Amino acid sequence: MPPLRLFYALWPDATLAQTLSDWTAQARLHSHGRPMRPETLHMTLAFLGSVEKDIADELIDATPYHRLQPGTVTLDRYGVFSRPGILWAGPERTPDSLQASHDGLWLWLSAFGFVPPAQPFRPHVTLLRNIERNDPPADAPPPIAWHYDRMVLVASEATDGGSRYRVVAQSRPQPV
Ligand code: ATP
Ligand code: MG
């Protein structure tokens, strides 16, 4: 069986995805670029890359048992990663609770042989690709308080029309 390209993410509900699409539309006036489709919007917690099928199956089985502490992250600004040409929405400051969930997830993943990234966690939701300006729009729409209680494990699959995401497991929702 071929390996799977996997990542863990927070996935917005339809209402939040719609609000994020409004953020995309506003940013596009300034940055241009290619909007992400609303149903693909997410915040990556851990990118695993190519994972052999037997380990992938272990992760799929174990993911419902990983306890993600529920929390809130407030998206209140636009930002740019200029090298990949991405415009994103994210928090001005990473909440301690989200940082702890990120760190806890990587600790849990280390039991499966995964090594945490050297770079610091930069929580963001990619809204536009191939942007044409390196400065983000100065003003963002009103802040979005994103309440989350679970994470999803996603397989990223190459198709003719670009990457397609398939949710293959999710952690059990934790009581807030
Ligand atoms: P494509 O690469 O085909 O343009 P994509 O970037 O949406 O599509 P993936 O590369 O599979 O799809 O990435 C899935 C998610 O993981 C995205 O949120 C992406 O930003 C993030 N990601 C990808 N590579 C890394 C990496 N090396 N470190 C951290 N996050 C990554
Ligand atoms: Mg990519």
Restricting attention to region 33-55, does a residue exist that is within 14 Å of ligand 1 (Cβ to nearest atom), over 16 Å from the mean Cα position of the chain (by Cα), farther than 19 Å from LEU75 by Cα and surrounded by 20 or more Cβ atoms within 10 Å (Cβ to Cβ)?
-> yes
Select from region 140-156 the residues that are surrounded by 11 or more Cβ atoms within 10 Å (Cβ to Cβ) and either within 16 Å of ligand 2 (Cβ to nearest atom) or without any contact (Cβ under 8 Å) to a residue 40 or more places away in the chain (or both) and list them in ascending order.
-> VAL154, ALA155, SER156
Out of THR126, THR159, report the one residue that is surrounded by fewer than 10 Cβ atoms within 10 Å (Cβ to Cβ) and among the hydroxyl-bearing types (Ser, Thr, Tyr).
-> THR159
Note on PRO173: of the conditions (1) more than 15 Å from LEU75 (Cα to Cα); (2) within 13 Å of ligand 1 (Cβ to nearest atom); (3) surrounded by fewer than 17 Cβ atoms within 10 Å (Cβ to Cβ), unmet is (2)
Verdict on TRP106 being closer than 22 Å to PRO173 by Cα and either in contact with a Pro (Cβ under 9 Å, 6 or more places away or on another chain) or of a type in the set (Ser, Thr, Tyr) (or both) | yes
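I need the full set of residues from region 56-87 which are β-branched (Val, Ile, Thr) and more than 16 Å from the chain's Cα centre (by Cα), in order please.
Within region 56-87, the subset β-branched (Val, Ile, Thr) is 60, 63, 72-74, 80, 86.
Hits for region 56-87 are ILE60, THR63.
Residues are listed down the side, and each one gets a yes or a no for (1) under 15 Å from VAL154 (Cβ atoms); (2) of a type in the set (A, V, I, L, M, F, W, C):
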position	(1), (2)
TYR8	yes, no
MET36	yes, yes
ILE55	no, yes
LEU59	yes, yes
LEU105	yes, yes
Scope region 1-41; condition part of a strand (DSSP E or B) and more than 25 Å from PRO136 (Cβ to Cβ); matching residues | LEU4, ARG5, LEU6, TYR8
Given the residues LEU48, LEU41, LEU16, LEU68, which is the only one that is in contact with a Ser or Thr (Cβ under 7 Å, 6 or more places away or on another chain) and either basic (Lys, Arg) or at pLDDT 95 or above (or both)?
-> LEU68
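The values are calculated or read from the model by the stated rules, or taken from the named source; none is laboratory data. Keep in mind that this is a model prediction, so the values were computed, not measured. Positions of Cβ are backbone-derived with ideal geometry, glycine not excepted, and every protein chain shown enters the neighbour counts.
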